[in-house]
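Structure, as structure tokens:
The values are calculated or read from the model by the stated rules, or taken from the named source; none is laboratory data. The shown structure was predicted, so the numbers you read here are calculated from the model rather than taken from an experiment. Here the Cβ is made from the backbone with ideal geometry for all residues, glycine too, and neighbour counts use every protein chain on show. With ligands, DNA and RNA removed, areas are computed over all heavy atoms of the protein, side chains included. Shrake-Rupley method; radii C 1.70, N 1.55, O 1.52, S 1.80 Å.
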Amino acid sequence: MRSLAGRALLAATLSLLALCAHASGLERFRAFVRTTPAASANFVQKVYDRDHKLVQESKGTFVFLRPGRFRWTYAAPTPQLITGDGERVWIYDQDLNQVTVRSMAHALGSTPAALLAGSAEVEQQFLLSEAGEHDGLVWLEAKPREPEAGFDRIELGLGPAGIESMELFDHFGQTTILRFSDIVRNPKIDAGAFRFTPPEGADVLGGS
């Protein structure tokens, strides 16, 4: 017999799908946060300078488990791993064999990862407003309430699968565009996937 928790999650998911036909960006985002405690996806990331020239392109995979656990794996062109274990964020640069570690409170906050993998209190970190429809998605603008955030705003593109696109605009005119594909909502995820142990011989910067 399906558990009560399972039935509740199924009902919430069906509600999210029903909302997608006519809901606003804010309604879709709140429904996504409420009904998606975990997700995985592939991504392509492109960075453009202030003249809209492509300066960097990378791709990889992403998985999260609320609250605050996530794993960004950059496969190309430069291998890099960013892991949040709920208490700390670990950034591992494979080429340099270097690890940077920061506390979750300082590293997550008003960041893109907070929008994807943070708690239901994400609106305490961001001011959210509608941003219209284009490219087949409903868009939501998120401005960090933290004045020292490293970017000016983020635009979220929401579709049937949840957050399908993110566009980050920093204070220097640079734009980072993330496109998610093969999105799987609420897969079974082992919490051990978010544990990180620095490789032997790696330089570790920062504190725990």
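Among the residues of region 74-89, are any in contact with an Asp or Glu (Cβ under 9 Å, 6 or more places away or on another chain), of a type in the set (Val, Ile, Thr), open to solvent by less than 40 Å² (accessible area, probe 1.4 Å) and more than 22 Å from VAL184 (Cβ to Cβ)?
Checked region 74-89: no residue is in contact with an Asp or Glu (Cβ under 9 Å, 6 or more places away or on another chain), of a type in the set (Val, Ile, Thr), open to solvent by less than 40 Å² (accessible area, probe 1.4 Å) and more than 22 Å from VAL184 (Cβ to Cβ).
Output the residue which, of all residues in region 68-89 that are in contact with a Phe, Trp or Tyr (Cβ under 8 Å, 6 or more places away or on another chain) and hydroxyl-bearing (Ser, Thr, Tyr), is nearest to LEU116 (Cα to Cα).
Across region 68-89, the extreme among qualifying residues is THR83.
What residue, among those in region 20-71 that are basic (Lys, Arg), at pLDDT below 95 and not in a loop (DSSP other than H, G, I, E, B), is surrounded by the fewest Cβ atoms within 10 Å (Cβ to Cβ)?
So, considering only residues that are basic (Lys, Arg), at pLDDT below 95 and not in a loop (DSSP other than H, G, I, E, B), the one surrounded by the fewest Cβ atoms within 10 Å (Cβ to Cβ) is ARG34.
One line per residue, one yes/no per condition, for (1) in a helix (DSSP H, G or I); (2) in contact with a strand residue (DSSP E or B) (Cβ under 7 Å, 6 or more places away or on another chain):
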residue: GLU146; (1), (2): no, no
residue: GLY150; (1), (2): no, no
residue: ILE154; (1), (2): no, yes
residue: LEU158; (1), (2): no, yes
residue: ARG179; (1), (2): no, yes
residue: VAL184; (1), (2): no, yes
residue: GLY192; (1), (2): yes, no
residue: PHE196; (1), (2): no, yes
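Of the numbered conditions (1) part of a strand (DSSP E or B); (2) surrounded by fewer than 20 Cβ atoms within 10 Å (Cβ to Cβ), TYR92 satisfies every one except a single condition; which is it?
Unmet for TYR92, out of (1) part of a strand (DSSP E or B); (2) surrounded by fewer than 20 Cβ atoms within 10 Å (Cβ to Cβ): (2).
Any idea which of (1) in contact with a strand residue (DSSP E or B) (Cβ under 7 Å, 6 or more places away or on another chain); (2) surrounded by fewer than 20 Cβ atoms within 10 Å (Cβ to Cβ) is the one PHE126 doesn't satisfy?
(2)
All but one of (1) surrounded by fewer than 14 Cβ atoms within 10 Å (Cβ to Cβ); (2) touching a Phe, Trp or Tyr at 6+ places or on another chain (Cβ under 8 Å) hold for PHE196, so report the exception by its number.
(1) is the only condition that PHE196 fails.
Scanning for something of a type outside the set (A, V, I, L, M), crowded, with 18+ Cβ neighbours inside 10 Å and within 17 Å of the chain's Cα centre (by Cα), does region 99-107 turn up at least one residue?
no
Tell me which of these SER110 doesn't satisfy, since it passes every other one: (1) at pLDDT below 90; (2) surrounded by fewer than 17 Cβ atoms within 10 Å (Cβ to Cβ).
With respect to (1) at pLDDT below 90; (2) surrounded by fewer than 17 Cβ atoms within 10 Å (Cβ to Cβ), SER110 is out only on (2).
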